[in-house]
Amino acid sequence: MPPEFSHIDHWIFDLDNVLYPAECDLFALIDIKMGEYVAQLLGCDLIEARTVQKSYFHDHGTTLAGLMHHHAIAPQEFLDYVHDIDMDRLSPSPDLRAAIEALPGEKLVFTNADRPYAERVLERRGLGDLFHQMHDILDTDLVPKPQTGAYHSMVAATGVDPKRSLFVEDMARNLRPAKDLGMTTIWVNTGAEWAGREHDPAYIDHEISELESWVTGLHHPKEAKAT
């Protein structure tokens, strides 16, 4: 391990746009489903539904949190509906699997999605049995990242030591609470404007463009610098 990561015992990964390439754009499919759900709930057209959906996302951290706050919806019904998407855009990545598997210590997934969806993604990527623990939106009692309660819930449930943990995330604002707890933070900059909101170098230790080449390079630092 490079010296700056030699203290890490717990490797914590967000799911979407981290454990698969952002170019797969699963969120585009989920986004359509969320728009449909909001339109049906409010009895409005898809244009208005999208406006409402995005305002809830930005104001509450997730569309689900906004819908629960304003409309008291049943969360599992929403999660089942929006995550009912085709996974054909994903393919196995044996190189990513090998690189994560070789990391010293425990590997975890910390996601605002729910476990059934996350497990489908991981299976499709060939990562299904790789992670020691997962903490999903139901495990946080529906408190989403970046709310601090989600991070305290994850730490309490998994037993990780934040000061010996590294967190990889594609949404910059979700790294601030992790850094406040003492975690080493990695921002996967996908180039999406919404993912870079509230970006601040003060709580981002390292910025990368995608996970596979970065985590592979941890095991071969000289080769990574050469490329």
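Of the options V82, V38, T51, report the single residue whose Cα projects farthest towards the positive end of the charge dipole of the range 26-83 (beta-carbon charges: Lys, Arg +1; Asp, Glu -1).
Value computed over the given set: T51.
Determine the relative contact order of the chain: mean sequence separation of Cα pairs under 8 Å and six or more apart, normalised by residue count, in whole percent. Walk me through the intermediate numbers first.
Values: 342 pairs, mean separation 51.0, N = 227.
Across the chain, relative contact order equals 22 percent.
Could you go through the range 181-187 in sequence order and give the Karplus-derived ³J(HN,Hα) for each residue, using 6.51 cos²θ - 1.76 cosθ + 1.60 with θ = phi - 60°, rounded to whole Hz, and x for Gly and Pro?
7, x, 6, 7, 10, 10, 9
Where does the charge balance sit around L46 when Lys and Arg score +1, Asp and Glu -1, over other residues with C-beta under 12 Å from its C-beta?
Computed value for this residue: -2.
Amide H neighbours of T62 under 5 Å, at least 5 residues apart or on other chains, H built in the peptide plane: list them.
none
Note the count of lysine pairs whose C-alpha atoms are less than 18 angstrom apart in the chain, limited to pairs 8 or more residues apart or on different chains.
Lysine pair count for the chain: 5.
If you build the Cα gyration tensor of the chain and take the root of 5 times each eigenvalue, what three semi-axes come out, in whole angstrom, biggest first?
Each semi-axis is the square root of five times an eigenvalue, giving 30, 19, 16 Å.
Taking the Cα-to-Cβ direction at A28 and at H199 and moving 7 Å from each Cα, how far apart do the two end points lie in nm?
Spacing of the two 7 Å Cα→Cβ label points: 2.2 nm.
Once amide H atoms are placed 1.01 Å from N in the peptide plane, what residues at a sequence separation of 5 or more from M134, or on another chain, have their amide H within under 5 Å of its amide H?
So M134 has HN proximity to V109.
Stokes-Einstein diffusion coefficient for the range 122-227 at 4 °C in a medium of 1.567 mPa s, Rh from the Kirkwood formula over Cα pairs: what value in µm²/s?
86 µm²/s
Over the chain, average the accessible area per residue using a 1.4 Å probe and give it in Å², no decimals.
Averaged over the residues of the chain, the accessible area is 46 Å².
Please arrange F57, F5 by accessible surface area, largest first, computed with a 1.4 Å probe and ligands excluded. Can you show the working numbers first?
Numbers: F57 25, F5 5 Å².
Per-residue accessible area, sorted high to low, gives F57, F5.
Computed from the mean reciprocal separation of all distinct C-alpha pairs, what Kirkwood hydrodynamic radius does the range 121-179 have, in Å?
Values: mean 1/r = 0.0797 Å⁻¹.
The answer is 12.5 Å.
Take the solvent-accessible surface of the protein heavy atoms, probe 1.4 Å, and return the percent of it on the chain that carbon and sulfur atoms account for.
51 percent
Residue by residue through the range 154-170, what is 3J(HN,Hα) from phi via Karplus (6.51 cos²θ - 1.76 cosθ + 1.60, θ = phi - 60°)? Round to whole Hz and write x for glycine and proline.
3J(HN,Hα) across the range 154-170, in whole Hz: 4, 4, 5, 6, 9, x, 6, 9, x, 6, 10, 10, 10, 10, 10, 8, 8.
Tabulate in residue order the Karplus-calculated ³J(HN,Hα) for the range 138-150, using 6.51 cos²θ - 1.76 cosθ + 1.60 with θ = phi - 60°, rounded to whole Hz; enter x for Gly and Pro.
Computed from phi, the couplings for the range 138-150 are 6, 5, 8, 6, 6, 8, x, 4, x, 5, 4, x, 5 Hz.
By accessible area of protein heavy atoms, probe 1.4 Å, what ranking do E193, E36 get, highest first?
These residues rank, largest area first, as E193, E36.
The values are calculated or read from the model by the stated rules, or taken from the named source; none is laboratory data. Keep in mind it's a predicted model, so treat the numbers as computed, not measured. Heads up, the Cβs are rebuilt from the backbone with ideal geometry, glycines too, and the neighbour counts pull from every protein chain shown. The accessibility values were calculated without ligands, DNA or RNA, using every heavy atom of the protein model including side chains. Shrake-Rupley method; radii C 1.70, N 1.55, O 1.52, S 1.80 Å.
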